[in-house]
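What follows draws every value from the coordinates through simple rules; no lab data is involved. In this text the structure is predicted, and so the values were computed from the model without any measurement. All Cβ positions, glycine included, derive from the backbone under ideal geometry; neighbour counts span all protein chains shown.
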């Protein structure tokens, strides 16, 4: 029961969605990582940037499937990233709309290094999801 409460809280914020996918990576759990993403919304956003393309359900669905397969292949070929022993902070949110927020994540590494990335997150019908790094 406690696990469901924790994941409900994690799913209730954009930052929580990022923590959830990084936890899945630490557990080497590709299926759990897939659940943390919304490939349909990622496909829709990606295709909408291309201009005058008819964004019918079929093209979004097919693009989402390609994105999902590419995500899986990348994890299998390049390894699953690890976030253990990394401290993180989320200093900034950029609200695109009520369901689309770009979150800035800062990771602090044990060797003193630091990385900063902006991540697209999206509130779907079943909680916040991680889409992709923002451009």
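Computed from the C-beta positions of residue 93 and residue 54 and an R0 of 22 Å, the FRET efficiency is 0.10 to the nearest 0.05.
Along its first, second and third principal axes, ordered by size, segment 2-133 spans 47, 34, 34 Å in Cα coordinates.
Label positions at residue 83 and residue 109, each projected 7 Å from the Cα along the C-beta direction, are separated by 1.7 nm.
Cα axis of helix 14-26 to longest principal axis of the chain: angle in degrees, 0 to 90, nearest 10? It is inclined by approximately 70 degrees.
Rounded to two decimals, the Cα-based Rg/Rh of segment 68-135, with Kirkwood Rh, is 1.01. Each residue, residue 70 and residue 29, gets one label point 7 Å from its Cα in the Cβ direction; the gap between the two is 2.7 nm.
Could you work out the helix-only [θ] at 222 nm for the chain, with each DSSP H run of four or more residues adding -39,500 (n - 2.57) and the total divided by the number of residues, to the nearest 500 deg cm²/dmol? Mind showing how you got there, number by number?
Details: 5 runs with 61 residues, N = 135.
Roughly -14000 deg cm²/dmol at 222 nm, from the helical runs in the chain.
Each part gets one Cα centre, and for segment 30-67 versus segment 119-135 those centres are 12 Å apart. Placing a pseudo-label 7 Å from each Cα along the Cα-to-Cβ vector at residue 45 and residue 134 gives an inter-label distance of 0.9 nm.
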